[in-house]
Structure formats: C-alpha cells, structure tokens
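Below is one structure, written out as structure tokens; comments come after it.
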Amino acid sequence: MTAMTAVLFRNGLVLTMDDAHTVLPGADVLVVDERVAEVGVGLTAPPGAVEIDATGGIVMPGMIDTHRHLWQTAMRGYGADWTLTQYFVWYYLESGRHFRPEDIYAGNVLGALEALDAGVTTTVDWSHGLQTPQHADAAADALESVPGRFVLAYGNIQQGPWEWATSPEFRDFVSRRVGGNDLLGFQMAFDVTGDPAFPERAAFEVARDLGVPVTTHAGVWGATNDDGIRLMHEHGFMTPSTVYVHAATLTHDSYQRIAATGGSVSVSTESEQSAGQGYPPTWQLRDHGIPVSLSMDTSVWWSGDLFSAMRATLGADRSREHLQAHDRAETVTHVHLRAEQVVDWATRGGSRALGLDSVVGSLQPGRKADVVLLKNDDSPVMFPILNPYGHVAFQAQRGDVHTVLVNGRIVKRDHKLVGADLAKARRDVERTVEHLIATMGPEAWARGMNPDIPATKVLDNPYTYTEWTNA
Ligand SMILES: [Zn+2]
C-alpha cells in the first residue's frame, strides 16, 4: 500500500464551478490522493500534507480545451498571418505529409506542456496527422509522457476516414493503446464533406461499433456545411457525445439537429475570427440551447491558453451584439454573454462535452483533483479581486498560473512546471523545424510563413486640398 498524499490549498478565493457556481472567499481545498476530499473554510490538514498558501489568489478547476492540434505546436507561430486557405495548402496538400512520427511526438510534448503551464489540465489532441500507426504511437507516447489529462482524437488528413478507420492497423492501435489509462481518453476525428454518397458512413460505423465519440469540424465556410450535418442526422450518427468544432456557418435547421440530438459545439473564437470559418457562433448556440465548450485549435497561429479563448469569446459575442443593435439604431444596455458563462464553458463546458462531468470540471468532494491556483504576488493585476469571474476572464493570464494539479499530482508549482524536461522538448522541436526546412527548402519555408498581402487602396480624401503643411 502506498502512503496517502495530500495537498491543501489554504485561504484562497475558491470558484467551485459546481451546479450553483458556489464561490467561497477565504476557503481551502483539500486534495487527498487523486481526488478533491473537501472544500470549505478552516480545513484541517492531514499529517504530511503539502500546504500551498492561496492567499490573494483564485482556486478553480483545471480548464478544458476540447480541440487542439497539438502536433502543429512544433511550428509555433509560423502561420500567424495565414487564412484557412494557406493552412489547408500547407498541411493538407503540400507539407503536412513531411511530418515523421518523431515530429508528431515533438509537437505533442511541447503542446501538452504548454497546456499544463497555462492551467489547461485536459486537452483534446485533435490529431489529424496520423499517417501511419507509427505516427499514432508517437502521438500517444507523447501524451503519456506528460502528466496531464488528454483525449487522443485520432485522425489522418492524408486519407479518407472510410480508409483509415476501417484499416486493421487502426483496429490494432485501438486494442493496444485505448482504455488502459484513466488519463488518456479516445475519440475519432474526421470531417464530413457533404458528398451525397456519404462515404464517411463507414468511419461512423466503426466509431459506433467501438463506442467511441466522434469530433468533427462542422460549419467551416467553404469546407463543411449543412449537407454534412443532414447526412449525419439522416443516418443516425449524431449523438450526445458528438463534438462539432466551430459550427460557425450553419443554418437554423442544422443547429436544431445538433440541439435535438444532444451534441455540443467547441467554439475556437480566435481561430474563427482570424482563419475564416465563420463568425464565432455563441449567439446562435445560445438561441438554440446548444452546450458550448472552448478551444484554441492550434499554436501554429494562436496561443494554447484558455484565458485568451474566454476573452476573445466575450469580445466577439459582445462586438456582434453591439454592431447588430447599431444597425437598428439601438443601444445595447445589457449584454447577454457574461464572464461567469465563459468561465463555465472553459471548465464545465469541456467536462460535459467529453462525458467527464462527474470526473473533472468542478471542485467538489469526490471529483478527480484537477486544480489551478491563479496567484501572482508580483503582479499589480492580481488585486483587487472584486468580480472573480471577470478577473479570470479579463484580468488573469498564463503568467498568473501559480500551481496546477492533475489527478492530485502537482505538475506546476510556484510558476514552474514540475519535472518537465523543457531542454529535451526544445531539442526535439528544433530537429523537427530543421527537418521541415531541409525537406521543403528555405525559400518555400519562408514563403509559407509570409503570404502575399493584397493591395490596399487609400481612399480619396476631399479634405486634403487644404494642404495644412503650407499654411
Ligand atoms: Zn481544428
């Protein structure tokens, strides 16, 4: 029998994210072994407990990202000026196939560490670069090497899903790698093109046969649309565990099909705003009563932290609400979307979408202890904390993530990852970058990062005749 381990967060502002959204000032959170044991004021620490002073900080559940292409983290920031067009050409048509298993591994490790560092304790790795079983093993190896909670969403953009999902190699991977590890869940990740022949049916049948949820980029302008949703629905493949990523350009009819079948939408606001999938659909999802979770999509463009996701989502929803009102010559006096709601989406939204709501997503006795302490005594931004949800969504950032627990284990403490070999992660990623540059050639590499800028014509200005410089 192993000795009990206990961690006590002392005297923090605790956002439990329970059903009542109970907020407890000056409270403690006691973790024993893998679980939250108690939440309350003045708890007694068991002998040998690690005490963490949460004074001046916020204790909250670990955040949950329901859609990240972790393998792309090896190219962090490369696509900052991309649209979806450049992204598709780069990964799908030209360079994505150059990734070797070790490149998938390198990106996954770096992205997984990035998530933990930012207080994201559960990440769905939307892993659509798994060209061979070796690539898939590399992805799983990487996720198992980092002490976070992950869901491997298996995909392969170099083949149709009806090909890879029905292959003996895929079945073999599932039997070897899925189900033995509480910290590693599994989904199947593929998109539905809307082809009337519905070739994706074979992949859905495999998912149903295996009892595995499907995650799919839906409502992506120019790529996936209402036809895909209708085909899924007509063939009975829309289920409560289905996660629709983006769902940004769909009609009322498609949203009704999603709502009626109990699925949820993963909103990636920074992605939708910048890449062009469509306007972040939170107002539509609200109108249709569709559950929402948040995601960051990929570090090839954006960050991997959910503070950015919460902030961007509030901004996009409110921006649209104001613009629409102004078009009607009206003023919005009360916004619909609240900071409290996006904090819920970043925690409970994710746990519900992944079928993990009785496991993580809230700080309640019996839940697995995925806990984040936001505290930064050196930052003028950490006081006063008057509106705790507003503070998390608009004030805090990844540098304020002081301590992170996953499954009761301390993975970050005093602002530093615990036991992470960042030097090795960096060397691995450097090798991937060298490999890609060598394979593509330096010119193609530079061109890929710097798409042409369309010309801007400065408008004629009737006031310029005054020539103020000559006055
Ligand atoms: Zn995506």
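Ranking 368, 457 from most to least accessible surface, computed with a 1.4 Å probe over the protein chains only, gives 457, 368. Of all lysines in the structure, those lying under 26 Å Cα to Cα from residue 368, and not within fewer than 8 positions of it along the same chain, are 412, 416. Looking at the range 280-322, the accessible area is 25 square angstrom per residue; that uses a 1.4 Å probe and ignores ligands, DNA and RNA. Counting only protein heavy atoms and a probe of 1.4 Å, the accessible surface of the chain is 53% carbon and sulfur. Every pair of different Cα atoms in the range 381-454 enters the Kirkwood calculation, which places the hydrodynamic radius at 16.5 Å. Please report, to two decimal places, log10 I(q)/I(0) for the range 244-312 at q = 0.14, 0.20 Å⁻¹ as given by the Debye formula with identical point scatterers on the Cα atoms and no solvent. One equal scatterer on each Cα of the range 244-312 leads to -0.39, -0.75. Each residue of the range 371-424 gets 97 Å³ once the volume of the Cα convex hull is shared out per residue. Per residue, the solvent-accessible area of the range 1-111 (1.4 Å probe, heavy atoms of protein chains only, all protein chains present) comes to 39 Å². Taking trypsin sites (Lys or Arg not before Pro) across the range 1-74, none is in a DSSP loop with at most 10 further Cβ atoms lying within 10 angstrom of its Cβ. Calculation over all alpha carbon pairs of the range 1-154 in 10 angstrom steps from 0 returns a P(r) of 10, 30, 25, 19, 13, 3 percent. Within the chain, the selection of entire DSSP H helices by a Cα span of 15 Å or greater along the long axis and an average Kyte-Doolittle value of at least -0.5 returns 101-117, 422-440.
Normalised by 2.2 N^0.38 Å, where N is the number of residues, the C-alpha radius of gyration of the range 1-91 stands at 1.65. Put simply, the Cα atoms of the range 119-229 extend 42, 34, 23 Å along their principal axes, the longest span coming first.
Largest accessible area first, the residues 183, 93 order themselves as 93, 183 under a 1.4 Å probe with ligands, DNA and RNA left out. With both residues required to sit in the chain, DSSP beta bridges show an antiparallel share near 45%.
In summary, the convex hull built on the alpha carbon positions of the chain has an orientation-averaged projected area of 27.8 nm². Counting heavy atoms of the protein chains alone, residue 335 has an accessible area of about 40 Å² for a 1.4 Å probe. Multiplying each eigenvalue of the alpha-carbon gyration tensor of the range 273-430 by 5 and taking the square root yields semi-axes of 31, 19, 18 Å, largest first, rounded to whole angstroms.
Once you divide the Cα radius of gyration of the range 199-256 by 2.2 N^0.38 Å, the number left is 1.08. In terms of the mean number of neighbouring beta-carbon atoms within 10 Å, the peptides 143-156, 413-426, 319-332 order highest first as 143-156, 413-426, 319-332. Values of log10 I(q)/I(0) for the range 310-357 across q = 0.18, 0.21 Å⁻¹ run -0.61, -0.72, by the Debye formula with one identical scatterer at each alpha carbon and no solvent. Accessible surface comparison of 293, 358, probe 1.4 Å, protein chains only, largest first: the order is 358, 293. Sort out for me the Cα centre separation of the range 64-87 from the range 383-461, rounded to whole Å. What the calculation gives is 10 Å, centre to centre.
The values are calculated or read from the model by the stated rules, or taken from the named source; none is laboratory data. What you see is a predicted model; the values in this text were computed from it and never measured. We place every Cβ from the backbone using ideal geometry, glycine too, and count neighbours over all the protein chains shown. To get the accessible areas, we keep the full protein, side chains included, count just its heavy atoms, and leave off ligands, DNA and RNA. Shrake-Rupley method; radii C 1.70, N 1.55, O 1.52, S 1.80 Å.
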